[in-house]
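Structure record follows, encoded as structure tokens.
The values are calculated or read from the model by the stated rules, or taken from the named source; none is laboratory data. Since the model is a prediction, treat every value here as computed from it, not as a measurement. Positions of Cβ are generated from backbone atoms using ideal geometry, with glycine treated the same way; all protein chains shown enter the neighbour counts.
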């Protein structure tokens, strides 16, 4: 059975930069996830775009839903990353 990997979206440049500065793999992934959740700022920009007529109502609705879903998904994903790694069972010689 293949090991289960957490599903998350990470911006590769942020994760790579974090790794280059010495952060561990989990901390770098956490930073990338946190940078990907921009909830309130995104909603403000979307409202301005809607007021200016740049966004159609359909596109506005899709982007608002995406902002809400990514913001709500942040806590469970970060909790999954924060869990201690499961120990690998030792091989028995014999």
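Just one of the listed residues (30, 25) is surrounded by 11 or more Cβ atoms within 10 Å (Cβ to Cβ), modelled with pLDDT of 70 or more and more than 11 Å from the chain's Cα centre (by Cα), namely 25. Only residues that are exposed (fewer than 14 other Cβ atoms within 10 Å of the Cβ) and in contact (Cβ under 8 Å) with a residue 24 or more places away in the chain were counted in region 40-73, giving 1.
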